[in-house]
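Following: one structure in structure tokens, then a few remarks.
Nothing in this text is a laboratory measurement; each read-out follows from the coordinates by a stated rule. None of the values given here were measured: they were computed from a predicted structure. Cβ atoms come from the backbone with ideal geometry, glycine included; neighbour counts cover every protein chain shown.
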Amino acid sequence: MAYFGIIKKSKNKFWDDVFHAWKTMSKLRHPFYFEEVISTSIWHNEHIKIDNVSVYYKNWAHHGVWTVNDLLDEHGNILTYEKFELCIISNPCFYSFMDLY
């Protein structure tokens, strides 16, 4: 989930407990339906890894790319680099884009 990247940054005990509980609970529940899969966060996701490490691209998140659905077009197809560049981020790092595919 997207929240996991801020766990280390939190200095509030309450929010530390909330984030750790959420992380524990989310490990017990795997997405089952297509809608659940595409609404899953890309960032800090234990199921989406590059070289066995979960990813977080700050620039992409800043531009609103958070879920798998954000990488799909209106017909459910994966965005091409050109469409991603046109609709989401101009001049994204090509290698970062290709790593997720």
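Test of understanding: what is the full-extension gain from VAL55 to LYS11, defined as 0.36 nm times their sequence separation minus their Cα-Cα distance?
Working: separation 44, 0.36 × 44 = 15.84 nm, distance 2.30 nm.
Gain in length upon complete extension: 13.5 nm.
Each peptide in 51-57, 65-71 gets a packing score, the mean of other Cβ atoms within 10 Å over its residues, and the list from highest to lowest is 65-71, 51-57.
Inverting the mean 1/r over all pairs of different Cα atoms, compute the Kirkwood radius of segment 31-99 and quote it in Å. Let's see the in-between values first.
On the way: mean 1/r = 0.0793 Å⁻¹.
Kirkwood radius, segment 31-99: 12.6 Å.
For SER41, the residues 5 or more places off, or on other chains, whose built amide H falls under 5 Å of its own are ALA2. Modelled this way, with points 7 Å down the Cα-to-C-beta line, the labels at ILE88 and TRP66 are 1.5 nm from one another.
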